[in-house]
Amino acid sequence: MEFEFLSEVIGDLVRRRRKELNLAQADVCRYAHISQGQLSRIENGLRIPSLSLMFRLCRVLNCDISISDIFDKFSSKDKNSKNKKKGDDEKKKGKEGDKS
């Protein structure tokens, strides 16, 4: 579960920065020496890039993605997920109480 959040956070940071620079995926792929499928999987949170690939992406996207950036987003997503799950559990309990 935690890896899903981490991959989503990294993918979101990469996608946002690419779009800020008005770059197509093909442009980033050419300069980072990766396939478009690989970048797509990263941006969609299906793959966590290796450290060396993350450095290449940061160089191409002219950004520094710090551990604190990732941790902050990771923590807020984790809190939102826990709050949503808590709300879903409470709704479920309320429906079960209605059946009694």
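The values are calculated or read from the model by the stated rules, or taken from the named source; none is laboratory data. Small disclaimer: the values here were computed from a predicted structure and weren't measured. Methodologically, a virtual Cβ is constructed for each residue, glycine included, from the backbone with ideal geometry; neighbour enumeration extends over all protein chains shown.
Hey, could you check the range 1-27 for residues that are among the polar types (S, T, N, Q) and assigned to a helix (DSSP H, G or I) and say which is surrounded by the most Cβ atoms within 10 Å (Cβ to Cβ)?
The selected residue is SER7.
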Inset, instruction - Kindly provide the set of residues from the range 28-45 that are more than 9 Å from the chain's Cα centre (by Cα), touching a residue at least 12 places away in the same chain (Cβ under 8 Å), under 18 Å from ASN62 (Cβ atoms) and in a helix (DSSP H, G or I), ordered by number. - result: VAL28, TYR31, ALA32, LEU39
Inset, instruction - Give the residue, chosen from ILE48, ILE65, ILE70, that is within 12 Å of the chain's Cα centre (by Cα), modelled with pLDDT of 70 or more and hydrophobic (A, V, I, L, M, F, W, C). - result: ILE48
Legend entry - Members of the range 32-42 that are surrounded by 13 or more Cβ atoms within 10 Å (Cβ to Cβ) and either out of contact with any Leu (no Cβ under 9 Å at 6 or more places or on another chain) or modelled with pLDDT under 95 (or both): GLN36, ARG41
